[in-house]
Structures are given as structure tokens and as C-alpha cells.
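Read-outs: derived from the displayed coordinates by stated rules, not from any lab. If you're wondering where the values come from, they're calculated on a predicted model, not measured in any experiment.
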Amino acid sequence: MLAWLNRLFDGIARITSWLALGFLAFMMLAITLDVVARAAFGRAVPGLFEMTEMSMVMVVFMGLGATLLDDGHIRVTMMTDALPGPFSRGCTALAWGFAALTFLMLAWPSTQEAVYSFSIREFRWGYFQVPIWWAKIGVAAGLWFAALQAALHSLRIALKQIALPPLDAASPDAGDTPLH
């Protein structure tokens with residue numbers, strides 16, 4: 001069951017990471033277009049600033065799930081590295097459980113705000129009205145997914161379905177080492 005859930009969550013994380021990548025591509029093109037327009041015509045493209053603002057939010061919260069896929073969340077392992085195997089595993093699982101709880105505590109008010117924002121069709125003024133309710137829904141969805149993903153990760157560590165890295169293992173990134 002957990003393996004199936006993990007595959008499902010990995011698939012969802014890949015989809016949300018492609019969404020984040022799409023918003024990032026939009027931001028790059030929009031900012032480039034805006035710079036060219038300012039240089040050529042002396043004025044910004046109307047609405048691009050507002051759209052890039054919301055795109056940044058979507059890049060962060062849609063990319064949150066992909067961070068776990070790449071094992072990219074920042075953590076300090078000095079204490080868990082010093083503990084014997086079972087205690088290290090328990091503390092690591094507990095830490096991921098607290099991460100899930102933290103995401104959950106952020107997801108609930110974010111969801112309430114997204115529901116309210118959608119109900120009034122909230123928008124932001126700029127050169128013209130830009131709807132922002134969809135970005136608030138994206139933030140809430142990203143936080144809920146991160147909470148579920150962290151809870152599943154915690155459970156898989158606790159049930160020994162995920163191997164913890166060895167004590168002196170270096171990060172797969174060139175030049176990076178674990179924080180001790």
C-alpha cells in the first residue's frame with residue numbers, strides 16, 4: 001500500500017514540478033520581454049509585473065513536492081548521525097512527522113484564505129485587474145501535498161522502507177557534503 005502511495009505521490013510531484021517549470025519559463029520570457037520593452041519604448045508591458053509575481057509563488061509551491069523527490073530539503077544531521085541506527089531512524093521519522101505537521105499548520109489557513117479569495121474572485125490592481133484567487137488555490141494545494149508527502153516519507157522511514165544514508169555519505173551534488 002505504501003509503495004503504491006509513494007508511486008502516486010511521485011507522479012503528482014512530477015506533474016507539479018512541470019507546472020512549476022512552466023511558470024518559471026513564463027517568468028523568464030515575461031521579464032525578458034519587459035526589459036526589451038523598457039529599453040525600446042521606455043515603458044513596461046502592462047500586467048507583466050503582476051503576472052510574474054504570481055508565477056513566482058507558483059514556482060515555489062508547485063516545486064515543493066519535487067524537492068522531496070530530489071532529497072533537496074535542507075536538514076542538519078549532526079544529532080541523528082551520532083545516534084545508533086534505530087534511534088537515528090526514529091528521530092528522522094519524527095522530524096519528517098513534524099515537517100508534515102508544519103505544512104499542515106500552514107495548509108489549513110491557506111485553504112481558508114483560498115476559499116475566501118475564490119468566493120470574492122479576488123484580484124490585484126496594476127495596469128489592469130489581475131485575478132489572484134487561482135494562485136492562492138495553488139499555494140494551498142502545494143502545502144496540502146507537501147504535508148501528505150512528508151507524512152508518507154516519515155511513515156516509510158519508520159517502517160524501514162527507506163534506507164538512511166551512511167554516516168559519512170556525501171551528497172550526490174558535486175562538492176557538497178552533509179552538515180555535521
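Tabulated values for the structure
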| quantity | calculated |
| --- | --- |
| Segment 145-151 - phi-based ³J(HN,Hα) in whole Hz, Karplus 6.51/-1.76/1.60, Gly and Pro as x | 5, 4, 5, 5, 5, 5, 5 |
| Degrees, to the nearest 10: 85-119 long Cα axis against longest axis of the chain | 20 |
| Sequence-separation-based contact order of the chain, relative, with Cα cut under 8 Å and 6+ spacing, percent | 26 |
| Long-range amide H partners of F123 with built H, under 5 Å | I132 |
| Karplus-derived 3J(HN,Hα), 6.51/-1.76/1.60, for each residue of segment 121-134, Hz, glycine and proline x | 6, 4, 9, 10, 7, x, 5, 8, 6, 10, x, 10, 4, 5 |
| Mean ellipticity per residue at 222 nm, deg cm²/dmol - from DSSP H runs of n ≥ 4 across the chain, formula -39500 (n - 2.57) | -24500 deg cm²/dmol |
| Rounded if a/c under 1.5, otherwise prolate or oblate - the chain, Cα gyration tensor axes | prolate |
